[in-house]
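Novice: Provided herewith is a single structure, encoded as C-alpha coordinates, for subsequent inquiry.
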Amino acid sequence: MNVSAPISTLDGAEAVRQDFPILQRVLPNGRPLVYLDNAASSQKPEAVIRAMDDYYRRYNANVHRGVHTLSEEATAAFEAARAKVAHFIHAPSARQIVFTRGSTEGINLVAYAWGRANLGPGDEVLITQMEHHANIVPWQILQEQLGFTLRYVPLTDQGTLDLSQLDTLLTERTKLFSFVHASNVLGTINPVTELVAAARAVGARVLVDGAQSVPHMPVDVQALDVDFLVFSSHKMCGPTGIGVLYAKRELLEAMPPFMGGGEMIREVKLTGSKWNSVPYKFEPGTPAIAEAIGLGAAVDYLTEVGMERVLAHDRELVQYAYARMSEVEGLRILGPGPDARGGLIAFTLEGIHPHDISAILDRAGVAIRAGHHCAQPLHDRYSVPASARASFYLYNSASEIDVLIDALQDAQNVFML
Ligand code: PLP
(Lines give C-alpha, C1' and ligand atoms only; values in the text may rest on other atoms or scores of the structure.)
Protein backbone atom coordinates (compact mmCIF):
# COMPACT_ATOMS: atom_id res chain seq x y z
CA MET A 1 0.00 0.00 0.00
CA ASN A 2 1.24 3.46 -0.82
CA VAL A 3 1.06 5.04 2.62
CA SER A 4 1.73 8.52 1.35
CA ALA A 5 -1.32 8.49 -0.92
CA PRO A 6 -3.33 11.67 -0.56
CA ILE A 7 -6.89 11.52 0.69
CA SER A 8 -8.98 12.72 -2.17
CA THR A 9 -12.31 10.90 -2.26
CA LEU A 10 -14.29 13.51 -0.45
CA ASP A 11 -13.86 16.24 -3.04
CA GLY A 12 -13.55 19.52 -1.31
CA ALA A 13 -12.72 18.03 2.12
CA GLU A 14 -11.22 21.44 2.82
CA ALA A 15 -14.56 23.02 1.95
CA VAL A 16 -16.26 20.59 4.34
CA ARG A 17 -13.87 21.70 7.10
CA GLN A 18 -14.94 25.30 6.56
CA ASP A 19 -18.48 24.30 7.50
CA PHE A 20 -17.38 23.38 11.04
CA PRO A 21 -16.50 26.51 13.03
CA ILE A 22 -14.79 24.57 15.83
CA LEU A 23 -12.21 23.15 13.42
CA GLN A 24 -10.73 26.64 13.05
CA ARG A 25 -9.96 26.61 16.75
CA VAL A 26 -6.42 27.03 18.05
CA LEU A 27 -5.89 25.43 21.46
CA PRO A 28 -4.51 27.37 24.47
CA ASN A 29 -1.03 25.95 23.77
CA GLY A 30 -1.08 27.42 20.27
CA ARG A 31 -1.71 24.10 18.47
CA PRO A 32 -4.48 23.81 15.92
CA LEU A 33 -7.17 21.32 16.91
CA VAL A 34 -6.86 17.84 15.39
CA TYR A 35 -10.16 16.27 16.39
CA LEU A 36 -10.00 12.47 16.23
CA ASP A 37 -12.63 11.63 18.85
CA ASN A 38 -15.58 11.40 16.50
CA ALA A 39 -16.80 8.01 17.68
CA ALA A 40 -17.48 9.65 21.05
CA SER A 41 -19.15 12.72 19.55
CA SER A 42 -18.82 14.51 16.22
CA GLN A 43 -18.48 18.23 15.60
CA LYS A 44 -21.39 20.33 14.32
CA PRO A 45 -21.59 22.25 11.07
CA GLU A 46 -22.70 25.86 10.93
CA ALA A 47 -26.02 24.77 9.38
CA VAL A 48 -26.94 22.78 12.50
CA ILE A 49 -25.90 25.52 14.89
CA ARG A 50 -27.85 28.05 12.82
CA ALA A 51 -31.01 25.90 12.67
CA MET A 52 -31.10 25.63 16.46
CA ASP A 53 -30.29 29.29 16.94
CA ASP A 54 -33.05 30.23 14.51
CA TYR A 55 -35.60 28.17 16.44
CA TYR A 56 -34.76 29.92 19.71
CA ARG A 57 -34.61 33.37 18.12
CA ARG A 58 -37.69 33.20 15.91
CA TYR A 59 -40.21 30.51 16.81
CA ASN A 60 -39.42 29.00 20.20
CA ALA A 61 -42.60 27.42 21.58
CA ASN A 62 -43.85 24.04 22.75
CA VAL A 63 -44.99 21.62 20.06
CA HIS A 64 -48.31 19.90 19.36
CA ARG A 65 -50.22 21.80 22.03
CA GLY A 66 -50.61 25.43 21.15
CA VAL A 67 -52.95 26.94 18.63
CA HIS A 68 -50.79 29.93 17.91
CA THR A 69 -48.32 30.79 15.17
CA LEU A 70 -45.12 30.01 17.04
CA SER A 71 -46.34 26.66 18.27
CA GLU A 72 -47.54 25.76 14.80
CA GLU A 73 -44.20 26.72 13.28
CA ALA A 74 -42.29 24.80 15.94
CA THR A 75 -44.52 21.76 15.44
CA ALA A 76 -44.04 21.88 11.67
CA ALA A 77 -40.23 22.08 12.02
CA PHE A 78 -40.19 19.31 14.66
CA GLU A 79 -42.29 16.97 12.52
CA ALA A 80 -40.32 17.90 9.38
CA ALA A 81 -37.18 16.72 11.22
CA ARG A 82 -38.87 13.38 11.94
CA ALA A 83 -39.73 13.02 8.23
CA LYS A 84 -36.11 13.82 7.24
CA VAL A 85 -34.81 11.15 9.60
CA ALA A 86 -37.29 8.61 8.19
CA HIS A 87 -36.15 9.39 4.66
CA PHE A 88 -32.47 9.20 5.69
CA ILE A 89 -32.77 5.58 6.86
CA HIS A 90 -35.45 4.63 4.29
CA ALA A 91 -38.15 4.01 6.89
CA PRO A 92 -41.57 3.49 5.30
CA SER A 93 -43.15 6.18 7.47
CA ALA A 94 -42.20 9.02 9.82
CA ARG A 95 -44.55 7.38 12.34
CA GLN A 96 -41.89 4.72 12.80
CA ILE A 97 -39.37 7.28 14.06
CA VAL A 98 -39.45 7.68 17.85
CA PHE A 99 -37.31 10.49 19.22
CA THR A 100 -35.27 9.37 22.22
CA ARG A 101 -32.33 10.92 24.08
CA GLY A 102 -29.89 8.69 22.19
CA SER A 103 -28.95 5.11 21.38
CA THR A 104 -28.85 4.21 25.07
CA GLU A 105 -32.41 5.34 25.67
CA GLY A 106 -33.54 3.63 22.45
CA ILE A 107 -32.25 0.25 23.63
CA ASN A 108 -33.73 0.79 27.09
CA LEU A 109 -37.06 1.68 25.49
CA VAL A 110 -37.09 -1.61 23.56
CA ALA A 111 -35.97 -3.53 26.66
CA TYR A 112 -38.69 -2.12 28.89
CA ALA A 113 -41.56 -1.71 26.45
CA TRP A 114 -41.05 -4.69 24.12
CA GLY A 115 -38.98 -6.84 26.50
CA ARG A 116 -41.35 -6.72 29.45
CA ALA A 117 -44.23 -7.74 27.19
CA ASN A 118 -42.38 -10.50 25.37
CA LEU A 119 -39.67 -12.05 27.57
CA GLY A 120 -39.87 -14.52 30.42
CA PRO A 121 -38.36 -17.70 31.86
CA GLY A 122 -37.24 -20.11 29.14
CA ASP A 123 -36.68 -17.29 26.65
CA GLU A 124 -33.28 -16.10 25.49
CA VAL A 125 -31.84 -12.81 24.34
CA LEU A 126 -28.69 -13.08 22.26
CA ILE A 127 -26.17 -10.23 22.16
CA THR A 128 -22.44 -10.26 21.36
CA GLN A 129 -19.22 -9.76 23.23
CA MET A 130 -18.42 -6.65 21.17
CA GLU A 131 -21.39 -4.63 22.47
CA HIS A 132 -21.22 -1.19 23.99
CA HIS A 133 -22.48 -1.29 27.59
CA ALA A 134 -25.68 0.34 26.30
CA ASN A 135 -26.55 -2.98 24.65
CA ILE A 136 -25.48 -5.16 27.58
CA VAL A 137 -26.58 -3.57 30.84
CA PRO A 138 -30.30 -3.01 30.03
CA TRP A 139 -30.59 -6.72 29.20
CA GLN A 140 -28.75 -7.72 32.36
CA ILE A 141 -31.08 -5.58 34.48
CA LEU A 142 -34.15 -6.99 32.73
CA GLN A 143 -32.85 -10.55 32.99
CA GLU A 144 -32.87 -10.20 36.78
CA GLN A 145 -36.49 -9.09 36.71
CA LEU A 146 -37.91 -11.41 34.05
CA GLY A 147 -35.81 -14.54 34.38
CA PHE A 148 -34.83 -15.01 30.73
CA THR A 149 -31.33 -16.10 29.74
CA LEU A 150 -28.82 -13.70 28.19
CA ARG A 151 -26.32 -15.26 25.80
CA TYR A 152 -23.31 -13.83 23.99
CA VAL A 153 -21.82 -14.45 20.55
CA PRO A 154 -18.05 -14.77 21.18
CA LEU A 155 -15.33 -13.00 19.19
CA THR A 156 -12.50 -14.33 17.03
CA ASP A 157 -8.87 -13.40 17.68
CA GLN A 158 -9.14 -11.16 14.59
CA GLY A 159 -11.88 -9.04 16.15
CA THR A 160 -14.91 -10.30 14.25
CA LEU A 161 -17.97 -12.18 15.50
CA ASP A 162 -17.25 -15.89 15.87
CA LEU A 163 -20.28 -17.26 14.04
CA SER A 164 -19.09 -20.87 14.07
CA GLN A 165 -21.45 -21.72 16.98
CA LEU A 166 -24.31 -19.46 15.89
CA ASP A 167 -26.59 -22.49 15.35
CA THR A 168 -26.40 -23.40 19.02
CA LEU A 169 -26.66 -19.81 20.26
CA LEU A 170 -29.54 -18.73 18.06
CA THR A 171 -32.41 -21.18 18.57
CA GLU A 172 -36.18 -21.16 18.77
CA ARG A 173 -35.73 -20.03 22.40
CA THR A 174 -34.13 -16.78 21.16
CA LYS A 175 -36.71 -14.01 21.17
CA LEU A 176 -34.32 -11.18 20.31
CA PHE A 177 -30.92 -10.95 18.65
CA SER A 178 -29.46 -7.54 19.48
CA PHE A 179 -26.09 -6.56 18.01
CA VAL A 180 -23.95 -3.64 17.06
CA HIS A 181 -23.69 -2.76 13.36
CA ALA A 182 -20.21 -1.18 13.59
CA SER A 183 -18.08 -1.74 16.68
CA ASN A 184 -16.98 1.39 18.52
CA VAL A 185 -13.69 -0.30 19.47
CA LEU A 186 -12.77 -2.87 16.83
CA GLY A 187 -14.20 -0.94 13.91
CA THR A 188 -15.68 -4.25 12.71
CA ILE A 189 -18.71 -3.92 10.45
CA ASN A 190 -21.01 -6.81 11.21
CA PRO A 191 -22.83 -8.69 8.42
CA VAL A 192 -26.33 -7.47 9.25
CA THR A 193 -28.06 -9.19 6.33
CA GLU A 194 -26.60 -12.58 7.25
CA LEU A 195 -27.41 -12.12 10.94
CA VAL A 196 -30.98 -11.00 10.23
CA ALA A 197 -31.49 -14.07 8.02
CA ALA A 198 -30.24 -16.34 10.81
CA ALA A 199 -32.57 -14.65 13.30
CA ARG A 200 -35.54 -14.91 10.96
CA ALA A 201 -34.90 -18.64 10.54
CA VAL A 202 -35.66 -19.16 14.25
CA GLY A 203 -38.34 -16.45 14.53
CA ALA A 204 -36.24 -14.04 16.61
CA ARG A 205 -36.62 -10.27 16.45
CA VAL A 206 -33.56 -8.16 15.59
CA LEU A 207 -32.32 -4.95 17.19
CA VAL A 208 -29.38 -3.22 15.52
CA ASP A 209 -27.29 -0.69 17.42
CA GLY A 210 -26.50 1.79 14.67
CA ALA A 211 -24.71 4.34 16.87
CA GLN A 212 -21.50 3.97 14.84
CA SER A 213 -22.97 3.00 11.48
CA VAL A 214 -25.79 5.45 10.71
CA PRO A 215 -23.39 8.45 10.95
CA HIS A 216 -20.86 6.82 8.61
CA MET A 217 -22.61 4.84 5.87
CA PRO A 218 -25.89 4.56 4.02
CA VAL A 219 -28.31 2.50 6.14
CA ASP A 220 -31.59 1.24 4.70
CA VAL A 221 -33.84 -0.29 7.36
CA GLN A 222 -36.11 -1.88 4.76
CA ALA A 223 -33.29 -3.47 2.78
CA LEU A 224 -31.74 -4.76 6.02
CA ASP A 225 -35.18 -5.82 7.31
CA VAL A 226 -34.32 -5.03 10.93
CA ASP A 227 -37.06 -4.84 13.55
CA PHE A 228 -35.41 -2.12 15.63
CA LEU A 229 -32.60 0.33 14.89
CA VAL A 230 -31.20 2.88 17.33
CA PHE A 231 -28.75 5.74 16.79
CA SER A 232 -27.62 9.05 18.30
CA SER A 233 -27.73 12.51 16.76
CA HIS A 234 -24.54 13.79 18.39
CA LYS A 235 -22.37 11.27 16.52
CA MET A 236 -23.74 12.41 13.13
CA CYS A 237 -23.17 16.18 13.18
CA GLY A 238 -26.32 16.82 15.22
CA PRO A 239 -26.80 18.04 18.79
CA THR A 240 -26.64 16.01 21.99
CA GLY A 241 -29.82 15.08 23.85
CA ILE A 242 -31.63 13.46 20.95
CA GLY A 243 -31.54 10.12 19.18
CA VAL A 244 -33.78 7.81 17.26
CA LEU A 245 -35.51 4.49 17.65
CA TYR A 246 -36.83 3.09 14.39
CA ALA A 247 -39.13 0.08 14.67
CA LYS A 248 -41.50 -1.88 12.49
CA ARG A 249 -44.97 -0.39 12.71
CA GLU A 250 -46.71 -3.49 14.06
CA LEU A 251 -44.17 -3.76 16.87
CA LEU A 252 -44.63 -0.13 17.88
CA GLU A 253 -48.41 -0.53 17.78
CA ALA A 254 -48.29 -3.61 20.01
CA MET A 255 -45.71 -2.34 22.50
CA PRO A 256 -47.00 -0.80 25.75
CA PRO A 257 -45.59 2.64 26.65
CA PHE A 258 -42.18 2.95 28.30
CA MET A 259 -42.91 6.11 30.31
CA GLY A 260 -46.16 7.84 31.17
CA GLY A 261 -47.08 11.52 31.14
CA GLY A 262 -48.45 14.25 28.93
CA GLU A 263 -48.56 13.93 25.15
CA MET A 264 -48.34 10.12 25.12
CA ILE A 265 -52.02 9.79 26.02
CA ARG A 266 -55.24 10.17 24.10
CA GLU A 267 -57.48 10.34 27.15
CA VAL A 268 -56.92 10.28 30.90
CA LYS A 269 -59.67 9.43 33.40
CA LEU A 270 -59.34 8.72 37.08
CA THR A 271 -60.14 5.13 36.22
CA GLY A 272 -57.40 4.76 33.58
CA SER A 273 -55.89 6.17 30.39
CA LYS A 274 -55.81 5.49 26.68
CA TRP A 275 -52.57 5.83 24.72
CA ASN A 276 -51.82 8.19 21.89
CA SER A 277 -50.96 6.79 18.45
CA VAL A 278 -47.36 5.95 17.51
CA PRO A 279 -44.79 7.42 17.75
CA TYR A 280 -46.27 9.82 20.35
CA LYS A 281 -47.13 6.92 22.68
CA PHE A 282 -43.37 6.71 23.32
CA GLU A 283 -42.66 10.45 23.63
CA PRO A 284 -44.09 11.62 26.96
CA GLY A 285 -43.54 15.19 28.09
CA THR A 286 -42.04 18.10 26.21
CA PRO A 287 -39.58 16.71 23.68
CA ALA A 288 -36.12 18.02 22.76
CA ILE A 289 -37.49 20.44 20.16
CA ALA A 290 -34.41 22.47 19.25
CA GLU A 291 -32.40 19.25 19.21
CA ALA A 292 -34.82 17.54 16.81
CA ILE A 293 -34.63 20.55 14.51
CA GLY A 294 -30.83 20.42 14.77
CA LEU A 295 -30.85 16.71 13.94
CA GLY A 296 -33.01 17.47 10.90
CA ALA A 297 -30.41 20.02 9.77
CA ALA A 298 -27.63 17.44 10.34
CA VAL A 299 -29.50 14.95 8.17
CA ASP A 300 -29.85 17.60 5.45
CA TYR A 301 -26.13 18.33 5.70
CA LEU A 302 -25.03 14.68 5.49
CA THR A 303 -27.48 14.05 2.67
CA GLU A 304 -26.02 16.94 0.72
CA VAL A 305 -22.47 15.61 1.19
CA GLY A 306 -23.70 12.09 0.37
CA MET A 307 -23.36 9.09 2.67
CA GLU A 308 -21.53 7.06 0.02
CA ARG A 309 -18.88 9.75 -0.05
CA VAL A 310 -18.70 9.89 3.74
CA LEU A 311 -18.15 6.12 3.77
CA ALA A 312 -15.51 6.25 1.02
CA HIS A 313 -13.67 9.06 2.81
CA ASP A 314 -13.73 7.11 6.11
CA ARG A 315 -12.32 4.09 4.29
CA GLU A 316 -9.45 6.03 2.74
CA LEU A 317 -8.59 7.64 6.04
CA VAL A 318 -8.66 4.37 7.94
CA GLN A 319 -6.50 2.64 5.34
CA TYR A 320 -3.97 5.43 5.50
CA ALA A 321 -4.03 5.54 9.31
CA TYR A 322 -3.77 1.74 9.56
CA ALA A 323 -0.71 1.67 7.33
CA ARG A 324 0.97 4.56 9.14
CA MET A 325 0.16 3.20 12.61
CA SER A 326 1.56 -0.18 11.62
CA GLU A 327 4.92 1.57 11.23
CA VAL A 328 4.94 2.57 14.92
CA GLU A 329 6.95 0.12 16.97
CA GLY A 330 5.09 -1.52 19.85
CA LEU A 331 1.69 -0.35 18.59
CA ARG A 332 -1.00 -3.04 18.60
CA ILE A 333 -4.20 -2.41 16.68
CA LEU A 334 -7.37 -4.04 18.02
CA GLY A 335 -9.68 -5.55 15.42
CA PRO A 336 -9.58 -6.56 11.78
CA GLY A 337 -7.49 -5.25 8.88
CA PRO A 338 -8.18 -1.93 7.19
CA ASP A 339 -10.49 -3.32 4.51
CA ALA A 340 -12.99 -4.75 6.98
CA ARG A 341 -13.48 -1.84 9.36
CA GLY A 342 -15.16 1.51 9.76
CA GLY A 343 -13.34 4.78 10.32
CA LEU A 344 -11.75 4.20 13.69
CA ILE A 345 -8.72 2.48 15.16
CA ALA A 346 -8.32 1.46 18.81
CA PHE A 347 -4.78 0.56 19.81
CA THR A 348 -2.33 0.03 22.61
CA LEU A 349 1.26 1.24 22.73
CA GLU A 350 3.73 -0.92 24.59
CA GLY A 351 4.76 0.50 27.95
CA ILE A 352 2.41 3.53 27.85
CA HIS A 353 -1.01 3.63 29.46
CA PRO A 354 -3.74 4.82 27.05
CA HIS A 355 -4.54 7.75 29.36
CA ASP A 356 -0.91 8.88 29.13
CA ILE A 357 -1.02 8.52 25.34
CA SER A 358 -4.12 10.69 25.26
CA ALA A 359 -2.57 13.31 27.57
CA ILE A 360 0.61 13.54 25.47
CA LEU A 361 -1.37 13.71 22.23
CA ASP A 362 -3.44 16.50 23.73
CA ARG A 363 -0.27 18.57 24.03
CA ALA A 364 0.06 18.26 20.25
CA GLY A 365 -3.55 19.39 19.82
CA VAL A 366 -4.73 15.85 19.00
CA ALA A 367 -7.99 14.78 20.67
CA ILE A 368 -8.43 11.01 20.93
CA ARG A 369 -10.21 8.75 23.44
CA ALA A 370 -8.65 6.51 26.08
CA GLY A 371 -10.25 3.93 28.34
CA HIS A 372 -12.53 0.96 27.82
CA HIS A 373 -14.91 2.95 25.58
CA CYS A 374 -17.91 1.47 27.44
CA ALA A 375 -16.97 -1.98 26.16
CA GLN A 376 -15.35 -3.78 29.07
CA PRO A 377 -16.26 -7.36 28.06
CA LEU A 378 -14.66 -6.68 24.67
CA HIS A 379 -11.43 -5.47 26.29
CA ASP A 380 -11.46 -8.49 28.62
CA ARG A 381 -11.66 -10.73 25.56
CA TYR A 382 -8.42 -9.30 24.22
CA SER A 383 -6.79 -9.11 27.68
CA VAL A 384 -6.27 -5.36 27.60
CA PRO A 385 -7.72 -3.22 30.38
CA ALA A 386 -7.98 -0.16 28.15
CA SER A 387 -7.07 1.19 24.73
CA ALA A 388 -6.54 4.48 22.94
CA ARG A 389 -8.86 5.22 20.01
CA ALA A 390 -8.54 7.54 17.04
CA SER A 391 -11.81 7.94 15.15
CA PHE A 392 -12.33 9.82 11.93
CA TYR A 393 -15.11 11.69 10.18
CA LEU A 394 -15.84 13.54 6.98
CA TYR A 395 -13.75 16.61 7.89
CA ASN A 396 -10.55 14.76 8.84
CA SER A 397 -7.54 14.64 6.53
CA ALA A 398 -4.40 12.59 5.91
CA SER A 399 -2.26 15.42 7.25
CA GLU A 400 -4.10 15.19 10.58
CA ILE A 401 -3.20 11.51 10.71
CA ASP A 402 0.42 12.52 10.12
CA VAL A 403 0.16 14.82 13.17
CA LEU A 404 -1.23 11.86 15.14
CA ILE A 405 1.67 9.60 14.11
CA ASP A 406 4.28 12.25 14.96
CA ALA A 407 2.63 12.75 18.35
CA LEU A 408 2.60 9.00 19.01
CA GLN A 409 6.31 8.87 18.23
CA ASP A 410 6.88 11.80 20.58
CA ALA A 411 4.95 9.92 23.27
CA GLN A 412 7.30 6.99 22.82
CA ASN A 413 10.31 9.26 23.11
CA VAL A 414 8.95 10.77 26.33
CA PHE A 415 8.49 7.32 27.86
CA MET A 416 11.84 5.97 26.62
CA LEU A 417 13.69 8.72 28.49
N1 PLP B 1 -23.65 1.98 21.02
C2 PLP B 1 -22.45 2.26 20.50
C3 PLP B 1 -21.83 1.29 19.56
C4 PLP B 1 -21.80 3.43 20.83
O5 PLP B 1 -20.60 3.70 20.31
C6 PLP B 1 -22.42 4.33 21.73
C7 PLP B 1 -21.74 5.57 22.14
O8 PLP B 1 -20.54 5.65 22.20
C9 PLP B 1 -23.67 4.00 22.24
C10 PLP B 1 -24.26 2.82 21.87
C11 PLP B 1 -24.39 4.91 23.19
O12 PLP B 1 -24.72 6.10 22.57
P13 PLP B 1 -25.32 7.31 23.42
O14 PLP B 1 -24.32 7.58 24.51
O15 PLP B 1 -25.39 8.45 22.43
O16 PLP B 1 -26.63 6.90 23.95
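Novice: Restricting to region 104-133, what's the tally of residues that are open to solvent by less than 10 Å² (accessible area, probe 1.4 Å) and assigned to a helix (DSSP H, G or I)?
Specialist: 7
Novice: State which residue is farthest from the ligand (Cβ to nearest atom) when the search covers only region 140-149 and only residues that are over 21 Å from the mean Cα position of the chain (by Cα) and surrounded by fewer than 21 Cβ atoms within 10 Å (Cβ to Cβ).
Specialist: Per the criteria, the residue is Gly147.
Novice: Moving on to the next point. State all residues of region 21-36 that are touching a strand residue (DSSP E or B) at 6+ places or on another chain (Cβ under 8 Å) and basic (Lys, Arg); if no residue qualifies, say none.
Specialist: Arg25 - this is the single residue of region 21-36 that is touching a strand residue (DSSP E or B) at 6+ places or on another chain (Cβ under 8 Å) and basic (Lys, Arg).
Novice: Ala290 - would you say it is touching a Ser or Thr at 6+ places or on another chain (Cβ under 7 Å), crowded, with 19+ Cβ neighbours inside 10 Å and either in contact (Cβ under 8 Å) with a residue 24 or more places away in the chain or assigned to a loop (DSSP other than H, G, I, E, B) (or both)?
Specialist: no
Novice: So which pairs qualify, if the first residue must be in region 99-124 and more than 16 Å from the ligand (Cβ to nearest atom) and of a type in the set (A, V, I, L, M), the second must be at pLDDT below 95 and open to solvent by 20 Å² or more (accessible area, probe 1.4 Å), the Cβ gap must be under 6 Å, and the two must be at least 6 apart or on different chains?
Specialist: Note: pairs meeting the criteria are Ala113/Phe258.
Novice: Mind telling me which of the residues Arg341, Arg363 ends up being basic (Lys, Arg) and farther than 30 Å from Ala47 by Cβ?
Specialist: Arg363 is the lone residue from the list that is basic (Lys, Arg) and farther than 30 Å from Ala47 by Cβ.
Novice: Does region 294-307 include one or more residues that are open to solvent by less than 20 Å² (accessible area, probe 1.4 Å), among the hydrophobic types (A, V, I, L, M, F, W, C), over 20 Å from Ser213 (Cα atoms) and assigned to a helix (DSSP H, G or I)?
Specialist: no
Novice: Here is a follow-up. Would a scan of region 38-55 turn up a residue that is in contact with a Pro (Cβ under 6 Å, 6 or more places away or on another chain) and either within 16 Å of the ligand (Cβ to nearest atom) or among the aliphatic types (A, V, I, L, M) (or both)?
Specialist: Within region 38-55, not a single residue is in contact with a Pro (Cβ under 6 Å, 6 or more places away or on another chain) and either within 16 Å of the ligand (Cβ to nearest atom) or among the aliphatic types (A, V, I, L, M) (or both).
Novice: Right, another one. Test of understanding: among Glu79, Glu72, which residue is at pLDDT 95 or above, open to solvent by 50 Å² or more (accessible area, probe 1.4 Å) and among the acidic types (Asp, Glu)?
Specialist: Glu72
Novice: So Val137 clears everything in (1) closer than 17 Å to Met259 by Cβ; (2) within 13 Å of the ligand (Cβ to nearest atom) except one condition, right? Which one?
Specialist: With respect to (1) closer than 17 Å to Met259 by Cβ; (2) within 13 Å of the ligand (Cβ to nearest atom), Val137 is out only on (1).
Novice: Sticking with this one: Residue check: is Ser273 over 26 Å from Ala77 (Cβ atoms) and modelled with pLDDT under 95?
Specialist: yes
The values are calculated or read from the model by the stated rules, or taken from the named source; none is laboratory data. Since this is a predicted model, take the numbers as computed values, not measurements. As a convention, Cβ positions derive from the backbone with ideal geometry for all residues, glycine included, and neighbour counts pool all protein chains shown. Calculation scope for accessible area: heavy atoms of the full protein, side chains included, ligands and nucleic acids excluded. Shrake-Rupley method; radii C 1.70, N 1.55, O 1.52, S 1.80 Å.
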